[in-house]
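Following: one structure in structure tokens, then a few remarks.
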Amino acid sequence: MKAWIFAVGSELLTPFRVDTNSLAITERLNAIGCDVRFKAVVGDDVEDLRVLFERGIGEVDLIVCTGGLGPTEDDITRDALGRALNLELDLDERILGSIRARFERRGLVMQEINRRQAMVPRGAMVLENSRGTAPGLWLEREGTGILLLPGPPREMQPMLERIIDERLKARAGGRGLFRRVLRITGRPESDVDAVAQPVYAKWTSAPVPIATTILAKMGQIELHLTADAAGEEEAAAALESAVGELVDVLGPSVYSVDGRGLEEVIGDLLRERQLTIAVAESCSGGLLSSRITDVPGSSAYFDRGLVCYSNLAKIEWLGVAEALIAAHGAVSEPVAAAMADGVRERSTTSVGIGITGIAGPGGGTPEKPVGTVAIAVVTPEHRSVRTFLFLGGRDMVKFQATQAAMNMLRLLLADGPPVHRD
Ligand code: ATP
């Protein structure tokens, strides 16, 4: 099945509002094996939208259009479809009654203008809106299913699900696209691709074909595996073996094969081993504490996070020796290790982390350029201390520092290399 998506609304053509509906719709359509071939963001212009409808009807299996179903003059979707198909719009008394009742329940009188929302292109099926006034519409012409959905994401979702269940799943015949995501950190994209590409290249012609895309995000690489399978079971088996092959070649740099973020992975490791953690952050300004505590239930293992930005804070709060800072500089492995030791000893946790670095844009020197970050992860038995040079702006340096710190902790807990012992 091939689909087009139109997102209607002039606000979506400004820098202030992003069309997220088409992404949510694409995800759901892909899951039933429906391929999105084209999408467009259209302003509130009835003729522009009419032209698009005319172009797509008879050409693709499905058109999903969101937005422009409201009561005002600039809500043009119904009219555009009516013009494209030469359809009359009829007033649907049932819709009108339910819109009026919705207003009355809130002690309001329905305005005349809302009658527009009860206008239905002749022959269309009405999809009730349990979360708003604008009903959705479904009709079929020239082999094309046309689905009109309201713009607000929470209103359009239940209607989309209904049409998928009632109409589209059967057409797709149970076939679908099924996804798995591998997350990798601590390796550059080119390196990951050089190792992974020979493995995944052969899957495109396998009995259950798997397409792989590589996505570089801040501080991590994702490999998205999409299997085109006759059903969930067939897809799960093919994906499981594909994931296994990739993990074999990529090794411990793969931190997640089940959708978990790095925060969740380290959280699970800490919880399983009944360990606790305290962190002392300088250049990351509390971002590590924030990310660790993004995980529900993190209070089981997260004890405290201190932001010690100035030298004085490192000395007073963490017991870092003034002489150590003078000898090595505040951004150095010995200071990162002393910060980790200081916060761990003061909080009596199992693990301590220290981060100190230069987030930029100022403050760099030839020996320690912007992006230099020293990180220490310590336990009573192990210590892992490293210096990184991260590229990018201030926010990127901060984020990558937290990513690297959590990854060092993961590797240390997973007993993977490299673990430096005292
Ligand atoms: P309503 O009766 O609520 O006005 P509508 O179908 O006319 O429904 P719009 O007026 O086009 O919808 O949009 C209403 C709101 O829905 C927008 O302000 C925006 O917040 C959200 N919205 C619309 N289209 C999108 C989209 N493509 N992606 C994300 N949000 C959207």
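Name the residues in segment 55-72 that are within 14 Å of the ligand (Cβ to nearest atom) and open to solvent by 40 Å² or more (accessible area, probe 1.4 Å), would you?
Thr72
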Result of the Cβ filter at 7 Å on segment 302-322, keeping first residues that are over 17 Å from Val377 (Cβ atoms) and partners that are open to solvent by 70 Å² or more (accessible area, probe 1.4 Å), at least 6 apart or interchain, is Ile315/Glu322
When Asp75 is run through (1) away from the ligand (no atom under 16 Å from the Cβ); (2) at pLDDT below 90, the failure sits at (1)
When residues of segment 7-32 are filtered for being of a type in the set (Gly, Ala, Ser), open to solvent by 30 Å² or more (accessible area, probe 1.4 Å) and over 17 Å from the mean Cα position of the chain (by Cα), how many remain? 1
Have a look at Ser282, Ser299 and point out the one that is closer than 27 Å to Gly392 by Cβ and hydroxyl-bearing (Ser, Thr, Tyr). Ser282
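Just one of Leu23, Leu87, Leu52, Leu12 is more than 10 Å from the ligand (Cβ to nearest atom) and assigned to a helix (DSSP H, G or I); which is it? Let's see the steps before the verdict.
On the way: Leu23 fails: more than 10 Å from the ligand (Cβ to nearest atom); Leu87 fails: assigned to a helix (DSSP H, G or I); Leu12 fails: more than 10 Å from the ligand (Cβ to nearest atom).
The match here is Leu52.
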Within segment 95-114, the count of residues that are surrounded by fewer than 13 Cβ atoms within 10 Å (Cβ to Cβ) and of a type in the set (Lys, Arg) comes to 2
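Got a sec? Which strands (runs of 3 or more DSSP E) wholly within segment 107-198 have at least 1 residues that are within 30 Å of Met406 (Cα to Cα)?
Hits in segment 107-198: 176-184.
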Would you call Ala3 within 9 Å of the ligand (Cβ to nearest atom), part of a strand (DSSP E or B) and either open to solvent by less than 20 Å² (accessible area, probe 1.4 Å) or not basic (Lys, Arg) (or both)? no
Go through (1) surrounded by fewer than 20 Cβ atoms within 10 Å (Cβ to Cβ); (2) among the small types (Gly, Ala, Ser); (3) part of a helix (DSSP H, G or I) one by one and return the number of the condition Ala216 breaks. (3)
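The values are calculated or read from the model by the stated rules, or taken from the named source; none is laboratory data. Remember, predicted model here, so these are calculated numbers, not experimental data. Glycine gets a Cβ as well: all are built from the backbone with ideal geometry, and neighbour counts include every protein chain shown. The area values use the complete protein model at the heavy-atom level, side chains included, leaving out ligands, DNA and RNA. Shrake-Rupley method; radii C 1.70, N 1.55, O 1.52, S 1.80 Å.
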